[in-house]
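See below for the structure under consideration.
The values are calculated or read from the model by the stated rules, or taken from the named source; none is laboratory data. Not measured: the values here are computed from a predicted model. Ideal geometry is used to build each Cβ from the backbone, glycine not excepted, and the neighbour counts take in all protein chains shown.
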Amino acid sequence: MDKILVGLKRVVDYNVRVRVKNDGSGVETAGVKMSINPFDEIALEEALLIKERGDASEVIVVSIGATESQQQLRTGLAMGADRAILIETAESIDTLSCARALLEVINREDPGLVILGKQAIDNDNIQTGQMLAALWNRPQATFVSHLEFDGDQARVTREIDVGMEIIEVDLPAVITADLRLNEPRYVKLPDIMKAKKKPLEEIPLADLGIEAGPKISQSSFEPPAEREKGVMVDDVQSLMVALKDKGLV
Amino acid sequence: MSKILIIAEHDGAVLNQSTAKVVACAAGIDGAEIDIAVFAASAAQVAAEAATLESVARVLTIENEANQHALAATLAPQIVAIAAGYSHVFGPSTTFGKDLMPRVAALLGVNQVSDIMSVVGSHTFKRPIYAGSVVVTMEAPADVPVVATVRTASYPAVGGGNAAAIENVDINVDLPQHTRYIELQAGSSDRPDLQTAGTVVAGGRALASAENFELIYTLANKLGAGVGATRAAVDAGYVPNETQVGQTGKIIAPELYIAIGISGAIQHLTGIKDAGTIVAINKDEEAPIFEVADIGLVGDLFNIVPELTEALGS
């Protein structure tokens, strides 16, 4: 195939312990480390592997968000993507609008494959890939742990609740990457320098002319209910007593 | 009034318990009238089971050879075809529902509420974000259908004993041919299902090998328990992927969860915080798992687990 399009989302880093703002209006992100959503890194790694074995000629990374998302796109370019597109918006946008914006990029670029992460670790929505595939009227293969091509179709292994499901999809298609699809490479310093020269196109979201989805409003962010403090026991015998007291064994 | 359509999850023969949990969530909406849709090649058996669920008004069967296996691209347009007249379309937040429902939402031109953990009002719900570190209240617009997945660990399954009407529905929509089911590779196991087991024994990286996981299986067999694992244990290849519990694996709510050699990363804890009782066995007394454990025991799992297995008798 010619092009692979990969989505990269800027999210609060995996290792940050996220806290609710004191007034409950949102999540504290000021001064917090931001990174590429880990599943999106896996998506990009897969695209790079496909290109490196000669099954694609160009990998394009796309992000939707504020100007700061350029940092994550530069990291994606340093990993090996050929060019980047930032759909720029200062506002947080709903998932359907996000899928509509990605569809616009697809219409411009005509990729043979789109790979996204299976979920973003901030909102944990698990929606964008499926919505995009629906709007594009193309196949979706979510939670993918293995992918191989056979002409104009892909054979895909999906991690589902009961085991591994194998499906076959015609290309182009939307793939969403699960944890065990691959292990993303580390970025090397010379690649970071090289990435600065790679093209990064900025397109204001408003220029795409998409219709915003019916917005679901978010209010009242709160910490989850805490579990009550438990007891420590000294040995297996005391553990058995405690379990019997609760009627569990 | 809320008219709620629930998409049944099943394997062609048996209704998945996730469906009864989604019904429990839907029944928490005032004045809810609940229908269940069963898409299958042959729906009678699953529909009969769905019709017994409390609070269900009707079971709709949509039979088609193409519905033999649950493919989102095939099911979504059929769901859209019957969704008119419903104020809500719900599915479970299992891999089945997570795959399917956003495709339905996009075809209906709406956003989706993922992982409902509690119902505040007919269009207002609470859900976890950031691996359960934050609970947010979501309000969906009232003038479009609410498409949502239900966090099954937050709800008990509704009971049986009902005899809802079963109606066959004919749908005339073009189904895509671009997505084909090939096969399911499932580990053959007569062990209880992780998502419905009353007791779950889980191991982490400290088990250190696939062979050592036998300790976990032996204890689980003694307790009639399901087996779970952390991402680290799955990534290391000690256990198959479907055992993974946490943010990116399964969210479970057993009565008893025994965490063995699990440190308790937040991404894992979000998968177990609805467990009735959490027992933690870990050699590191500072491990975060002890902050959520109801009963904690500090020590070497390689001594403690065989001793515990022995103490449970035969």
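Filtered by the rule that a residue be closer than 17 Å to B:S2 by Cα and either without any contact (Cβ under 8 Å) to a residue 40 or more places away in the chain or outside any loop (DSSP other than H, G, I, E, B) (or both), the range B:36-61 gives B:I36, B:A37, B:V56, B:A57, B:R58, B:V59. Answer yes or no as to whether A:P204 is within 29 Å of A:R74 (Cβ to Cβ) and out of contact with any helix residue (DSSP H, G or I) (no Cβ under 6 Å at 6 or more places or on another chain). When the stated conditions are applied, A:P204 passes them. Only one entry in B:A210, B:A225 is buried (at least 22 other Cβ atoms within 10 Å of the Cβ) and not assigned by TED's automatic domain parsing to the domain that holds B:V89, namely B:A225. When B:G249, B:G203 are checked against the criterion of being more than 13 Å from every other protein chain (Cβ to nearest Cβ) and crowded, with 22+ Cβ neighbours inside 10 Å, a single residue qualifies: B:G203. The set of residues in the range A:122-171 that are assigned to a loop (DSSP other than H, G, I, E, B), more than 7 Å from chain B (Cβ to nearest Cβ) and touching a residue at least 60 places away in the same chain (Cβ under 8 Å) contains only A:L171. Where strands (runs of 3 or more DSSP E) fall entirely within the range A:191-249, those with at least 1 residues that are without any contact (Cβ under 8 Å) to a residue 12 or more places away in the chain are at A:217-222, A:231-233.
Kindly establish whether B:V169 is within 9 Å of chain A (Cβ to nearest Cβ) and modelled with pLDDT of 95 or more.
Details: within 9 Å of chain A (Cβ to nearest Cβ): no; modelled with pLDDT of 95 or more: yes.
Answer is no for this residue.
For the range B:154-166, a tally of residues being away from chain A (no Cβ under 14 Å) and either charged (D, E, K, R) or under 22 Å from the mean Cα position of the chain (by Cα) (or both) returns 6.
A quick yes/no check of all residues on (1) under 28 Å from A:V27 (Cβ atoms); (2) at pLDDT below 95; (3) touching a helix residue (DSSP H, G or I) at 6+ places or on another chain (Cβ under 7 Å); (4) not hydroxyl-bearing (S, T, Y):
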position: A:I126; (1), (2), (3), (4): yes, no, yes, yes
position: A:Q130; (1), (2), (3), (4): yes, no, yes, yes
position: A:A141; (1), (2), (3), (4): no, no, no, yes
position: A:E165; (1), (2), (3), (4): no, no, no, yes
position: A:K188; (1), (2), (3), (4): no, yes, no, yes
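Is there a residue being crowded, with 16+ Cβ neighbours inside 10 Å, among the aliphatic types (A, V, I, L, M), within 11 Å of chain A (Cβ to nearest Cβ) and under 30 Å from B:A265 (Cα atoms) anywhere in the range B:173-187? Within the range B:173-187, not a single residue is crowded, with 16+ Cβ neighbours inside 10 Å, among the aliphatic types (A, V, I, L, M), within 11 Å of chain A (Cβ to nearest Cβ) and under 30 Å from B:A265 (Cα atoms).
Annotation: of all residues in the range A:98-119 being out of contact with any strand residue (DSSP E or B) (no Cβ under 7 Å at 6 or more places or on another chain) and surrounded by 24 or more Cβ atoms within 10 Å (Cβ to Cβ), the one that is farthest from B:S114 (Cα to Cα) is A:A99. Against the condition of a type outside the set (D, E), assigned to a helix (DSSP H, G or I) and closer than 25 Å to A:I160 by Cα, how does B:A131 come out, does it pass? The answer is no for B:A131.
Step by step: first the residues of the range B:62-81, then only those that are in a loop (DSSP other than H, G, I, E, B) and under 23 Å from the mean Cα position of the chain (by Cα), then the one that is surrounded by the fewest Cβ atoms within 10 Å (Cβ to Cβ). Which residue is that?
So the first thing to find is which residues in the range B:62-81 are in a loop (DSSP other than H, G, I, E, B), and the list is B:64, B:68-71.
Subsequent filtering for residues that are under 23 Å from the mean Cα position of the chain (by Cα) retains B:68-71.
Numbers: B:Q68: 14, B:H69: 18, B:A70: 23, B:L71: 24.
Ranking the candidates gives B:Q68 first.
A quick yes/no check of all residues on (1) within 11 Å of another protein chain (Cβ to nearest Cβ); (2) in contact with a Gly (Cβ under 8 Å, 6 or more places away or on another chain):
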site: B:E242; (1), (2): yes, yes
site: B:A287; (1), (2): no, yes
site: B:E291; (1), (2): yes, yes
site: B:F302; (1), (2): no, no
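For the range A:201-222, the condition of being at pLDDT 95 or above, surrounded by fewer than 17 Cβ atoms within 10 Å (Cβ to Cβ), in contact with a Leu (Cβ under 9 Å, 6 or more places away or on another chain) and closer than 30 Å to B:L219 by Cβ holds for none of the residues.
Looking at the range B:150-172, can you tell me whether even one residue there is of a type in the set (V, I, T), crowded, with 24+ Cβ neighbours inside 10 Å and over 20 Å from A:M164 (Cα atoms)? Please lay out each step first, then the result.
From the range B:150-172, those of a type in the set (V, I, T) are B:150, B:152, B:158, B:166, B:169, B:171; that's our starting set.
Right, trim to crowded, with 24+ Cβ neighbours inside 10 Å and you get B:150, B:152.
Next, only the ones that are over 20 Å from A:M164 (Cα atoms) stay: B:150, B:152.
Yes - at least one qualifying residue is present in the range B:150-172.
Does at least one position in the range B:121-134 carry a residue that is at pLDDT 95 or above, more than 21 Å from B:E33 (Cα to Cα), more than 8 Å from every other protein chain (Cβ to nearest Cβ) and crowded, with 24+ Cβ neighbours inside 10 Å? Among the residues of the range B:121-134, at least one is at pLDDT 95 or above, more than 21 Å from B:E33 (Cα to Cα), more than 8 Å from every other protein chain (Cβ to nearest Cβ) and crowded, with 24+ Cβ neighbours inside 10 Å, which makes the answer yes.
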